[in-house]
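Q: First, the structure itself, so that you have it in front of you.
The values are calculated or read from the model by the stated rules, or taken from the named source; none is laboratory data. The model shown is predicted, which means the values in this text are computed figures rather than measured ones. Note that each Cβ is placed from the backbone with ideal geometry, even for glycine, and that neighbours are counted across all protein chains shown.
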């Protein structure tokens with residue numbers, strides 16, 4: 001089975017992808033890790049490393065660098081997702097760990113994700129939102145803030 005997890009940042013996509021990889025032998029494609037890999041040379045120039053530093057690199061909507069970096073992030077996300085989908089066409093036991101911003105990707109790419117994978121949406125119940133916001137503030141991840149770009 002080929003599965004893709006979608007949901008907002010912090011919903012558990014990476015958690016469940018790692019469990020499928022570790023306990024069921026699934027081949028895992030982590031979009032966050034692949035984006036970070038593509039950004040590694042640029043991050044290194046800033047002394048950054050890791051997904052949390054991708055968040056520092058991107059910035060927040062009020063930072064001057066945010067608009068350009070968030071666009072670049074989405075371009076890289078489309079690239080790594082497209083490459084991942086290209087590798088799995090005749091595979092089995094694969095899980096794609098998308099990012100929380102997958103919903104902002106081109107509709108054609110999202111259609112391909114739907115065509116080649118069983119999309120599992122990890123819903124975030126309202127009663128968990130405050131906890132997730134506090135977790136994000138304590139440990140920021142790259143986030144695309146919708147209409148701000």
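Q: Is it the case that residue 139 is loosely packed, with under 12 Cβ neighbours inside 10 Å and within 13 Å of residue 9 (Cβ to Cβ)?
A: Yes: the conditions hold for residue 139.
Q: Quick one: which residue in 66, 73 is touching a helix residue (DSSP H, G or I) at 6+ places or on another chain (Cβ under 7 Å) and either within 21 Å of residue 12 (Cα to Cα) or at pLDDT 95 or above (or both)?
A: That would be 73, the only listed residue that is touching a helix residue (DSSP H, G or I) at 6+ places or on another chain (Cβ under 7 Å) and either within 21 Å of residue 12 (Cα to Cα) or at pLDDT 95 or above (or both).
Q: Return yes when residue 99 is surrounded by 15 or more Cβ atoms within 10 Å (Cβ to Cβ) and either assigned to a helix (DSSP H, G or I) or at pLDDT below 95 (or both) and no when it is not.
A: In short, yes.
Q: When residue 55 is evaluated against the numbered criteria (1) assigned to a loop (DSSP other than H, G, I, E, B); (2) under 22 Å from residue 138 (Cα atoms); (3) touching a residue at least 12 places away in the same chain (Cβ under 8 Å), which criterion, by number, is the only one it fails?
A: (1)
Q: I would also like to ask the following. Any residue at all in the range 114-121 that's modelled with pLDDT under 90, part of a helix (DSSP H, G or I) and surrounded by 14 or more Cβ atoms within 10 Å (Cβ to Cβ)?
A: No, the range 114-121 contains no residue that is modelled with pLDDT under 90, part of a helix (DSSP H, G or I) and surrounded by 14 or more Cβ atoms within 10 Å (Cβ to Cβ).
Q: Looking for something crowded, with 21+ Cβ neighbours inside 10 Å and free of Cβ contacts under 8 Å to residues at least 60 places away in the same chain - is there at least one such residue anywhere in the range 19-37?
A: Taking every residue of the range 19-37 in turn, at least one turns out to be crowded, with 21+ Cβ neighbours inside 10 Å and free of Cβ contacts under 8 Å to residues at least 60 places away in the same chain.
Q: With part of a strand (DSSP E or B), under 24 Å from residue 124 (Cβ atoms) and either under 12 Å from the mean Cα position of the chain (by Cα) or at pLDDT 95 or above (or both) as the only criterion, which of 18, 28 stands out?
A: On the way: 18 fails: part of a strand (DSSP E or B).
Criteria check complete, one pass: 28.
Q: What number of residues in the range 122-136 are surrounded by 12 or more Cβ atoms within 10 Å (Cβ to Cβ) and part of a loop (DSSP other than H, G, I, E, B)?
A: Within the range 122-136, the first condition is being surrounded by 12 or more Cβ atoms within 10 Å (Cβ to Cβ), and the residues that meet it are 122, 124, 128-129, 132, 135-136.
Now narrow it down to the ones that are part of a loop (DSSP other than H, G, I, E, B): 122, 124.
Summing the residues that are surrounded by 12 or more Cβ atoms within 10 Å (Cβ to Cβ) and part of a loop (DSSP other than H, G, I, E, B) in the range 122-136 gives 2.
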